[in-house]
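Engineer: Before I ask anything, here is the structure I am working with.
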Amino acid sequence: MNIKPRFFSSNQHSARVFLEHEDATDQLTGNIVEYLSKVHEQPIVVLCIGTDRSTGDSLGPLVGSKLLEKKIENFHVFGTLKNPVHAVNLEENINHILKTFQTPFIIAVDACLGRLKNVGSIQIGSGPIKPGAGVHKELPEVGDIHITGIVNVSGFMEFFVLQNTRLHLVMRMADVIAESIRNASIVLEKKDIFRQTKIFKTNSF
């Protein structure tokens, strides 16, 4: 989990989608397609970061589990409710991904805290995220692009805020993110961008 992105530089593009918009899934799908249309001959890895032991920080594992249920063949998913990717094993998972896949394109998915007016929104942007910033942990940055859901308000007692985040909001976000990634994979498969992606061996981590 990270605090509302201070990680955007001036040359990074980002977009925000609010859950209350009827076309939230379509908006996010379009944004994902825009980023991934530029990927050539790279395996796409969705790295879903978080833990099922904290309601607010469970967004990533929920997205990962939902993606596995959807059986998206062209994306390689790491981080689920059963096998979460969190502070303790994040670096290990990153190293495994880099050893397994040839020049992977990584989509990092995580929860974050932000301003009150932005709670309930999903942000997608270029560049990595800094997991653990919201609870003051030093973890490696990761992601060619990132998708973050703003689940609650930052600024005070972040750990307590995460523990008291509404599960309903996190579940809705996970549904939208997972469905958007699935829809994007269908669009991109029709464009045949997956034909020459390279992998060293099967994902079995």
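Engineer: With each pseudo-label sitting 7 Å past Cα toward Cβ, what's the Q163-K99 distance in nm, one decimal?
Structural biologist: The two pseudo-label positions are separated by 3.6 nm.
Engineer: Continuing with this model, one more query. Rounded to a whole number, what % of the accessible area of segment 21-159 do carbon and sulfur atoms account for, probe 1.4 Å? All intermediate terms of the calculation are to be shown ahead of the outcome.
Structural biologist: On the way: 2980 of 5970 Å².
Carbon and sulfur together cover 50 percent of it.
Engineer: Still on this structure, I have one more. In terms of the ratio Rg/(2.2 N^0.38 Å) built on C-alpha atoms, what value belongs to segment 31-151?
Structural biologist: Normalised Rg, Cα atoms only: 1.00.
Engineer: Over segment 54-188, average the accessible area per residue using a 1.4 Å probe and give it in Å², no decimals.
Structural biologist: For segment 54-188, the per-residue accessible area is 42 Å².
The values are calculated or read from the model by the stated rules, or taken from the named source; none is laboratory data. Quick caveat, the model's predicted, so the values are computed rather than measured. Cβ coordinates were reconstructed from backbone atoms using ideal geometry, including for glycine residues, and neighbour counts include every protein chain displayed. Heavy atoms of the whole protein, side chains included, go into the accessibility calculation; ligands, DNA and RNA do not. Shrake-Rupley method; radii C 1.70, N 1.55, O 1.52, S 1.80 Å.
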